[in-house]
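Participant: Handing you a structure now.
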Amino acid sequence: MIDKHKIIKILNAIVLCIVPICFGLYSLILGQDTNFDLRNYHLYNPYAFLNNRLSFDLAPSGLQTYLNPFLDVVYFFAISHLRPRTVGFLIGFIQGLNFILVYSISNHVLNECKWKNVYSLILAMGGLLSVGFLSEVGTILNDSMVAVILLMSLWMIISSVDKLEDDQRSFIPLLMCSGILAGIGCALKLTTSIYALAMCLAFFALPVRWDRKIKMSFLFGLSVLLGLLVAGGYWMFEVWSLFGNPLFPMFNNIFHGPLAEIVPMRDLRFLPNTFFEKVFYPALFTVNPGRVSELKYEQVSWLFAYVAVLALLTDRFVKIFKKDSDQCSRNSAQGFLLAFFCISYVLWLNIFGIYRYLILAEILIPLLLFIAVNYFFRTSLACWGTIFFIIALTVFNLRGVPDWGHSAWAEKIYRVESNTLTMDPKPAAVYFVGGPLAWLVPALDINAPVIGLASGMPVSEDYWRRTKELVAGRDGKSFLILESDTPDVLNQAKNGLANLGLGIKDNSCDRMVAYLGTAKFEYRYCEVSKVVYAGDIAGLKIKNWGPRSMVVGNIPNKQPDGVMGIWILASGVPGLGKVEVLFDGQPAITTVSKKGMSAAIAPERLTRPGKKEVAIRQFLTGKTFPVGVFELQAAK
């Protein structure tokens, strides 16, 4: 007699093995990954780590230079020893392992359903065919790679949480292993910390005594910290010892690393601006995908997920209010999953707003939709109706999958055409302006310090001093590599070089051609040399300047952004090189023209009465020239 259950299990096992292979093959069809982040830091960071360049270079990838490189080291090792096609297949295959984990989570959460194996296969496939996940298949963006670790952590909790009341002793080791995995995921990609925190807080949704909730949450959080230290402790210590901030340059307003300004660094572009936008953000970014990403993630799943989750939460709160504890606690795993999903989304909404960081939650949407329908209707017809609706929704969404960049496969992942720079055996230094350019460092295998002049992070004067120290005493030519020769990029280059007393050598610029896979990228490179300025700041003549006084709280010459503008008319400014205005001994943002200069003084520097010296400093010589005294009077 044929055992139907055994046949179903065998078929499930076959599907679970085939799907990751299919994603590996899909990665091969897409081609070589050429995304922005790969060119910016996913190739440079592991190369720098393996060649001990952390203190040798300075921010060639901007602030991403100092992210944990360990996951990228595995990728770099792979491309150094395997064919690019093989590496591409492996990336897709690993990303496809998310299917097994979503299936396992779904299979446990739907434990009471008769057709749970079939449902789980369809729901897991619907999750991985979401537009966010598909857009990253075959790429090294790492959101979907680290999702494997975090989903494993989530599965370990969900698979045992229903047995918590019966066997708490066996649950604690699983909980701690889960926390360690979540901590490792956080260390490898910091943006996934929202999911570790969401799991930590989701324990409070379990139907157990409060002392147990607190104990489990505490032990999980402790385990997350342990995992974070295991996978990221060494790197954070290295960065801290070199730059005075374990997360440099992020959170520099807390750690005060000397090379960056003491300001918080966050990407606020995609965050909702008002409370109204926060409440209806799923609708807003469904209608306008540009609200949450540079690419267009076109899908409507979030609208249905939003309605489903609101319905579930409303029902739960009503039952809690009615003290219907039996109904509220009939499925601990579903309650934990719902809490995890909601908390993850709220954290993402208030911290990032960048769609890529929501992919782990996105692939759980089909399961959440099915749970909602099954919770309210509990009929076979409703369940199968939901399954067919999810299939239709998935097919509809497939039209909106964006592409982060691919090319046809080549035998070597990167190469640079021969030029003056590649033939120089040991240049003194190489400077970058624009981006992403850092992938050229391993491609060129540059034996010289590589410094970012327009790194995208607010740098301090110590940054420029460190740059001078890195190149001091090195013989040979120095080169500048530019993203392009547009006026904006050239101005950034000139301003950055002026901080170092350097300039672009006349008639020295040429074209640099590099390939990532078969994708062709063209850049400009120039030779740079020291600039000898004819002008001496001692010959500067101040004709007039102002304003010269104010009463606290009454800012004169107030600019649209709220700062006070100090203007200085002077002769002898051309030829001095880069100069800046000092207000009370501290530099101010300075704009220079042929007839003089202006400086922006922030309102917080105009609160303490007293006499404030105004001076001009010349970068090349370090000399200062007195302008006058600004009198800040107390309010009456």
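The values are calculated or read from the model by the stated rules, or taken from the named source; none is laboratory data. Small disclaimer: the values here were computed from a predicted structure and weren't measured. Cβ: placed from backbone, ideal geometry, glycine included. Neighbour counts: every protein chain shown. These area figures cover heavy atoms from the full protein model, side chains too; ligands, DNA and RNA do not enter into them. Shrake-Rupley method; radii C 1.70, N 1.55, O 1.52, S 1.80 Å.
Participant: Starting from the range 389-418, keep only residues that are aromatic (F, W, Y), then list their pairs with residues that are open to solvent by 60 Å² or more (accessible area, probe 1.4 Å) whose Cβ atoms are within a distance under 6 Å, requiring at least 6 positions of separation or different chains.
Facilitator: W409/R85
Participant: Separate question: Has the range 95-102 got any residue that is modelled with pLDDT of 95 or more, open to solvent by 10 Å² or more (accessible area, probe 1.4 Å) and either of a type outside the set (A, V, I, L, M) or more than 24 Å from the chain's Cα centre (by Cα) (or both)?
Facilitator: Taking the range 95-102 first, the residues modelled with pLDDT of 95 or more are 95-102.
Subset that is open to solvent by 10 Å² or more (accessible area, probe 1.4 Å): 97, 100-101.
Restricting the remaining residues to those that are either of a type outside the set (A, V, I, L, M) or more than 24 Å from the chain's Cα centre (by Cα) (or both) gives 100-101.
Scanning the range 95-102 turns up at least one residue that is modelled with pLDDT of 95 or more, open to solvent by 10 Å² or more (accessible area, probe 1.4 Å) and either of a type outside the set (A, V, I, L, M) or more than 24 Å from the chain's Cα centre (by Cα) (or both).
Participant: Continuing with the same structure: Could you list all residues from the range 21-52 that are closer than 19 Å to D403 by Cα, open to solvent by 20 Å² or more (accessible area, probe 1.4 Å) and over 19 Å from the mean Cα position of the chain (by Cα)?
Facilitator: Within the range 21-52, C22, L25, Y26, L28, I29, L30 qualify.
Participant: Filter the range 455-472 down to the residues that are β-branched (V, I, T) and assigned to a helix (DSSP H, G or I), then identify the one that is least open to solvent (accessible area, probe 1.4 Å). Walk me through it before giving the result.
Facilitator: Step one: filter the range 455-472 for residues β-branched (V, I, T), giving 459, 467, 471.
Pick out the ones that are also assigned to a helix (DSSP H, G or I) and you get 467, 471.
Values: T467: 1, V471: 35 Å².
This residue is T467.
Participant: Going by the structure shown, is G96 touching a strand residue (DSSP E or B) at 6+ places or on another chain (Cβ under 7 Å), of a type outside the set (F, W, Y) and closer than 20 Å to C17 by Cα?
Facilitator: Details: touching a strand residue (DSSP E or B) at 6+ places or on another chain (Cβ under 7 Å): no; of a type outside the set (F, W, Y): yes; closer than 20 Å to C17 by Cα: yes.
It is false that G96 is touching a strand residue (DSSP E or B) at 6+ places or on another chain (Cβ under 7 Å), of a type outside the set (F, W, Y) and closer than 20 Å to C17 by Cα.
Participant: Identify all residues within the range 510-535 that are more than 27 Å from A429 (Cβ to Cβ) and open to solvent by 40 Å² or more (accessible area, probe 1.4 Å); write none if there are none. Outline the logic, then answer.
Facilitator: Applying the first criterion (more than 27 Å from A429 (Cβ to Cβ)) to the range 510-535 yields 517-519.
Result: T518, single match.
Participant: Just for the range 326-356: of the residues that are part of a loop (DSSP other than H, G, I, E, B) and closer than 22 Å to P207 by Cα, which one is modelled with the lowest pLDDT?
Facilitator: In this case the residue turns out to be S329.
Participant: Working carefully through the options F376, F317, F340, F352, find the one that is free of Cβ contacts under 8 Å to residues at least 40 places away in the same chain, more than 30 Å from A443 (Cβ to Cβ) and of a type in the set (F, W, Y). Walk me through it before giving the result.
Facilitator: Details: F376 fails: free of Cβ contacts under 8 Å to residues at least 40 places away in the same chain; F340 fails: free of Cβ contacts under 8 Å to residues at least 40 places away in the same chain; F352 fails: free of Cβ contacts under 8 Å to residues at least 40 places away in the same chain.
Among F376, F317, F340, F352, only F317 is free of Cβ contacts under 8 Å to residues at least 40 places away in the same chain, more than 30 Å from A443 (Cβ to Cβ) and of a type in the set (F, W, Y).
Participant: Here is a further query. Residue check: is F220 in contact with a Gly (Cβ under 9 Å, 6 or more places away or on another chain), open to solvent by less than 50 Å² (accessible area, probe 1.4 Å) and not hydroxyl-bearing (S, T, Y)? If you could, list the steps in order and put the result at the bottom.
Facilitator: On the way: in contact with a Gly (Cβ under 9 Å, 6 or more places away or on another chain): yes; open to solvent by less than 50 Å² (accessible area, probe 1.4 Å): yes; not hydroxyl-bearing (S, T, Y): yes.
Yes, satisfied.
Participant: Continuing with this model, one more query. Of the conditions (1) surrounded by 18 or more Cβ atoms within 10 Å (Cβ to Cβ); (2) under 30 Å from R378 (Cα atoms); (3) out of contact with any helix residue (DSSP H, G or I) (no Cβ under 8 Å at 6 or more places or on another chain), L63 clears all except one; give me its number.
Facilitator: (2)
Participant: Can you tell which of K541, K578 is touching a helix residue (DSSP H, G or I) at 6+ places or on another chain (Cβ under 7 Å), basic (K, R) and farther than 19 Å from E483 by Cα? Steps first, answer last, please.
Facilitator: Numbers: K541 fails: touching a helix residue (DSSP H, G or I) at 6+ places or on another chain (Cβ under 7 Å).
Unique residue meeting the criteria: K578.
Participant: Separate question: If you take the residues of the range 261-277 that are of a type in the set (A, V, I, L, M, F, W, C) and either at pLDDT 90 or above or surrounded by 11 or more Cβ atoms within 10 Å (Cβ to Cβ) (or both), which of them is farthest from Y357 (Cα to Cα)?
Facilitator: Going residue by residue through the range 261-277, those that are of a type in the set (A, V, I, L, M, F, W, C) are 262-263, 265, 268, 270-271, 275-276.
Pick out the ones that are also either at pLDDT 90 or above or surrounded by 11 or more Cβ atoms within 10 Å (Cβ to Cβ) (or both) and you get 262-263, 265, 270-271, 275-276.
Details: I262: 26, V263: 23, M265: 17, F270: 12, L271: 13, F275: 21, F276: 22 Å.
Among those that are of a type in the set (A, V, I, L, M, F, W, C) and either at pLDDT 90 or above or surrounded by 11 or more Cβ atoms within 10 Å (Cβ to Cβ) (or both), it is I262.
Participant: Additional query: Got a sec? Which of V118, V146, V73, V137 is farther than 30 Å from G257 by Cα, among the aliphatic types (A, V, I, L, M) and within 20 Å of the chain's Cα centre (by Cα)? Steps first, please.
Facilitator: Working: V118 fails: within 20 Å of the chain's Cα centre (by Cα); V146 fails: farther than 30 Å from G257 by Cα; V73 fails: farther than 30 Å from G257 by Cα.
Being farther than 30 Å from G257 by Cα, among the aliphatic types (A, V, I, L, M) and within 20 Å of the chain's Cα centre (by Cα) holds for just one of V118, V146, V73, V137, which is V137.
Participant: If F251 satisfies every condition in (1) in contact with a strand residue (DSSP E or B) (Cβ under 9 Å, 6 or more places away or on another chain); (2) open to solvent by 90 Å² or more (accessible area, probe 1.4 Å) but one, which is the exception?
Facilitator: Evaluating F251 over (1) in contact with a strand residue (DSSP E or B) (Cβ under 9 Å, 6 or more places away or on another chain); (2) open to solvent by 90 Å² or more (accessible area, probe 1.4 Å) leaves (1) as the failure.
Participant: Name, by its number, the condition in (1) touching a strand residue (DSSP E or B) at 6+ places or on another chain (Cβ under 6 Å); (2) assigned to a strand (DSSP E or B); (3) surrounded by 18 or more Cβ atoms within 10 Å (Cβ to Cβ); (4) not acidic (D, E) that does not hold for W567.
Facilitator: Checking W567 against (1) touching a strand residue (DSSP E or B) at 6+ places or on another chain (Cβ under 6 Å); (2) assigned to a strand (DSSP E or B); (3) surrounded by 18 or more Cβ atoms within 10 Å (Cβ to Cβ); (4) not acidic (D, E), the one that fails is (3).
Participant: Could you list all residues from the range 426-454 that are of a type outside the set (D, E, K, R) and open to solvent by 20 Å² or more (accessible area, probe 1.4 Å)? So that I can check it myself, show each step before the final result.
Facilitator: Within the range 426-454, the first condition is being of a type outside the set (D, E, K, R), and the residues that meet it are 427-444, 446-454.
Answer for the range 426-454, where residues must be of a type outside the set (D, E, K, R) and open to solvent by 20 Å² or more (accessible area, probe 1.4 Å): G434, G435, A443, L444, N447, A454.
Participant: In addition: Tell me whether the range 280-301 contains one or more residues that are in contact with a strand residue (DSSP E or B) (Cβ under 9 Å, 6 or more places away or on another chain) and open to solvent by 60 Å² or more (accessible area, probe 1.4 Å). Working first, answer last.
Facilitator: Here is the first cut: in the range 280-301, the residues in contact with a strand residue (DSSP E or B) (Cβ under 9 Å, 6 or more places away or on another chain) are none.
There is no residue in the range 280-301 that is in contact with a strand residue (DSSP E or B) (Cβ under 9 Å, 6 or more places away or on another chain) and open to solvent by 60 Å² or more (accessible area, probe 1.4 Å).
Participant: List every residue pair whose Cβ atoms sit under 6 Å apart, with the two residues 6 or more apart in sequence or on different chains, where the first one lies in the range 456-477 and is within 18 Å of H256 (Cα to Cα) and the second, anywhere, is part of a loop (DSSP other than H, G, I, E, B) and not hydrophobic (A, V, I, L, M, F, W, C).
Facilitator: M457/P249; P458/E261; S460/E261; D462/P258; W464/N499
Participant: W155 fails exactly one of the following numbered conditions: (1) open to solvent by 10 Å² or more (accessible area, probe 1.4 Å); (2) modelled with pLDDT under 95; (3) aromatic (F, W, Y). What is the number of that condition?
Facilitator: (2)
Participant: Among the residues of the range 581-636, write down those that are aromatic (F, W, Y) and over 23 Å from G562 (Cα atoms). Even if it seems obvious, please write down each step before you answer.
Facilitator: In the first step, residues of the range 581-636 are kept if they are aromatic (F, W, Y); the result is 583, 619, 625, 630.
Matches in the range 581-636: F619, F625.
Participant: Taking only pairs six or more apart or across chains, which ones have beta-carbon atoms under 6 Å, a first residue in the range 590-602 that is in contact (Cβ under 8 Å) with a residue 24 or more places away in the chain and in a strand (DSSP E or B), and a second residue that is hydroxyl-bearing (S, T, Y) and exposed (fewer than 14 other Cβ atoms within 10 Å of the Cβ)?
Facilitator: S598/T591
Participant: Restricting to the range 587-636, count the residues that are farther than 22 Å from V552 by Cα and either of a type in the set (S, T, Y) or touching a helix residue (DSSP H, G or I) at 6+ places or on another chain (Cβ under 6 Å) (or both). Break it down into steps so the answer makes sense when it comes.
Facilitator: Filtering the range 587-636 for residues farther than 22 Å from V552 by Cα gives 590-597, 616-626.
Going one step further and asking which of them are either of a type in the set (S, T, Y) or touching a helix residue (DSSP H, G or I) at 6+ places or on another chain (Cβ under 6 Å) (or both), we end up with 590-591, 593, 618, 621, 623-625.
Going through the range 587-636 one residue at a time, the tally reaches 8.
Participant: Quickly run through the range 239-248 and pick out the residues that are in a helix (DSSP H, G or I) and crowded, with 16+ Cβ neighbours inside 10 Å. Walk me through how you get there before you give the answer.
Facilitator: Pass one, the range 239-248, residues in a helix (DSSP H, G or I): 239-243.
If the condition is that a residue be in a helix (DSSP H, G or I) and crowded, with 16+ Cβ neighbours inside 10 Å, then V239, F243 are the ones that fit.
Participant: Report, by residue number, each residue of the range 187-215 that is open to solvent by less than 50 Å² (accessible area, probe 1.4 Å), assigned to a helix (DSSP H, G or I) and farther than 27 Å from S144 by Cα.
Facilitator: R212, K213
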